[in-house]
1. As an exercise: evaluate Asn68 against (1) of a type in the set (S, T, N, Q); (2) without any contact (Cβ under 8 Å) to a residue 24 or more places away in the chain; (3) surrounded by fewer than 14 Cβ atoms within 10 Å (Cβ to Cβ) and give the number of the one condition it does not meet.
2. With the condition kept exactly as written, say whether any residue in region 44-51 is aromatic (Phe, Trp, Tyr), surrounded by 12 or more Cβ atoms within 10 Å (Cβ to Cβ) and closer than 21 Å to Leu109 by Cβ.
3. Mind counting the residues in region 78-97 that are in a helix (DSSP H, G or I) and in contact with a Lys or Arg (Cβ under 7 Å, 6 or more places away or on another chain)?
4. Would you check if there is a residue in region 98-118 being outside any helix (DSSP H, G or I) and either modelled with pLDDT of 90 or more or under 27 Å from Arg39 (Cβ atoms) (or both)?
5. When the residues of region 66-77 are narrowed to those that are hydrophobic (A, V, I, L, M, F, W, C) and in a helix (DSSP H, G or I), which ends up farthest from the chain's Cα centre (by Cα)?
6. Considering (1) free of Cβ contacts under 8 Å to residues at least 12 places away in the same chain; (2) in contact with a helix residue (DSSP H, G or I) (Cβ under 9 Å, 6 or more places away or on another chain); (3) polar (S, T, N, Q), say which one Asn44 fails and leave the rest.
Amino acid sequence: MDAAYLSALAALAGSTIGGLTSLTASWLTHHVQFSAQERSASRNLRVELYKSFIEEASSRYADAYVHNTADVSNLVNLYALVSRMRVLSSPAVVASADQVVRTIIETYLAPNKTFRDVAEVVDKDSLNPLREFSDACREELRGADPL
């Protein structure tokens, strides 16, 4: 083989390897950026879902303290939020959310509370049924992908 051909083939091989390396690096960079954007969007969606659940559950829990009957449509809203969590969240978060809804229903079934009754249980953690849920959400959001 002639030396000129050998040089041309070496240059062509070098250019091909350089181009493939550049293409692979570019693809890898875009892939990593896309994955990071997906994780960020998923996290933001879960944050908004948890915020909605906490607001709705807090409102229903306060209502349950002073009423014996629940507006079923409000409980359906809570169950809808829990169902969305079943798709997006870890089993620990879903279990905590289910427990919050059960606590709200039990509170509706219990006798109404007066302000004096509420003052007596303030020191106990029973007045905050969302603590375990909030802790589970925080752990999930600190960690990796929930599913």
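The values are calculated or read from the model by the stated rules, or taken from the named source; none is laboratory data. Only a predicted model underlies this, so the values are computations on that prediction, with no experimental measurement involved. Don't worry about glycine lacking a Cβ; one is built from the backbone with ideal geometry, like all the others, and counts go over all protein chains shown.
1. (2)
2. No, every residue in region 44-51 fails to be aromatic (Phe, Trp, Tyr), surrounded by 12 or more Cβ atoms within 10 Å (Cβ to Cβ) and closer than 21 Å to Leu109 by Cβ.
3. Residues in region 78-97 being in a helix (DSSP H, G or I) and in contact with a Lys or Arg (Cβ under 7 Å, 6 or more places away or on another chain): 3 in total.
4. Within region 98-118, not a single residue is outside any helix (DSSP H, G or I) and either modelled with pLDDT of 90 or more or under 27 Å from Arg39 (Cβ atoms) (or both).
5. Filtering region 66-77 for residues hydrophobic (A, V, I, L, M, F, W, C) gives 66, 70, 72, 75-76.
Applying the additional criterion that residues be in a helix (DSSP H, G or I) yields 66, 72, 75-76.
Numbers: Val66: 31, Val72: 26, Leu75: 21, Val76: 20 Å.
Among those residues, the one meeting the criterion is Val66.
6. (2)
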